[in-house]
Structures are given as structure tokens and as C-alpha cells.
Amino acid sequence: QVQLVESGGGLVQAGGSLRLSCAASGRTGSNYFVGWFRQAPGKEREFVAVISWSGGITYYADSVKGRFTISRDYAKNTVYLQMNSLKPEDTAAYYCAANPSQYSTSSVGYAYWGQGTQVTVSS
């Protein structure tokens, strides 16, 4: 079992920045991938970014490329999502999720999910 806890969400003006954290505990392993997804009201959950726990492989959705950065801290067992140049369309609940076996931009295969943290960007 893996437990994930997100934090760092909040209200920010357009153009501002936030850093989300995803603290992991339990049976994490070097073969895990950790992804960030988001879901706005009335919309489907969408992929934002993913990182491999061991090798630092990263991949981003086109909508956030160049503005968001995903990273991980081994010592703290935490994955971060640095979000810069935020736009109102980035408003959503953000979730981190762990996939124990493969790299994926689909929510299918991510077996463990956090509770989510709300990000609201005002115009």
C-alpha cells in the first residue's frame, strides 16, 4: 500500500506561482512513477505531468509545458509540482497518483491516489 498526501494548493492571481507537494509513505519503490492530474468542475480528469521515481524521467501535458516543473526529493519521499505563470484555466483540483509499474499519461494504472488539493487562479 502507498499513501499519498497533497498540499500547497490555494488561491493565486493569474501570472502567479504555487508549489504543490505530494508526500508518499508506505511501499514505494524505485520502479514507481508519480503523476499529477487535475480535474475542473464539469470536466474529466486530465494528465498534467509524470516523473519516474528513480531515473528522473519527466513528461508534461502540452498545456503546462514550459510553465510547470515536476521534481522529486528522495530524502523527503516527496514529489513536487512547481507551477509558474498560472492561468485561470489551470483552476482545478490537483491530485497526485502512483503507478507501481509503468509510465503513463492515463489515469488507468495509477493504483494509489491522494485526496487532492484545490488550485484557484483568479483573472
Legend entry - Residue-normalised accessible area of the chain, given per residue in Å² at a 1.4 Å probe: 50 Å²
Inset, instruction - Before anything else, pin down the relative contact order of the chain: Cα pairs under 8 Å, at least 6 apart, normalised by residue count, whole percent. - result: 36 percent
Inset, instruction - Could you work out the equivalent-ellipsoid semi-axes for the stretch 24-123, taking the square root of 5 times each eigenvalue of the Cα gyration tensor, largest first, in whole Å? - result: 22, 14, 12
Inset, instruction - Keeping the other protein chains in place, figure out the carbon and sulfur percent of the accessible area of the chain, with a 1.4 Å probe. - result: 48 percent
Inset, instruction - Find how many whole Å separate the alpha carbon centroid of the stretch 72-114 from the alpha carbon centroid of the stretch 1-68. - result: 2 Å
Legend entry - Candidates 85, 107, 30: whichever shows maximal mean-square fluctuation once the chain is modelled as a Gaussian network with Cα springs under 10 Å: 30
Legend entry - Amide N proximity, the stretch 82-123 versus residue 63 label position 7 Å along Cα-to-Cβ, cut-off under 12 Å: 87-94
Inset, instruction - Enumerate by residue number the chymotrypsin sites (Phe, Trp or Tyr not before Pro) in the stretch 1-107 meeting two conditions: DSSP loop (anything except H, G, I, E, B), and at most 15 other Cβ atoms within 10 Å of the site's Cβ. - result: 74, 103
Legend entry - Spacing of the two label points (7 Å from each Cα toward its C-beta) at residue 54 and residue 1, in nm: 2.6 nm
Inset, instruction - With label points built 7 Å along Cα→Cβ from the Cα atoms of residue 102 and residue 123, find their separation and express it in nm. - result: 4.0 nm
Legend entry - Residue among 81, 20, 11 with the largest mean-square fluctuation in a Gaussian network model of the chain, springs linking Cα atoms under 10 Å: 11
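The values are calculated or read from the model by the stated rules, or taken from the named source; none is laboratory data. Everything numeric in this text was worked out from a predicted model, so none of it was measured. Neighbour counts run over all protein chains shown; Cβ positions are idealised from the backbone, glycine included. Accessible surface areas use protein heavy atoms only, side chains included; no ligands, DNA or RNA. Shrake-Rupley method; radii C 1.70, N 1.55, O 1.52, S 1.80 Å.
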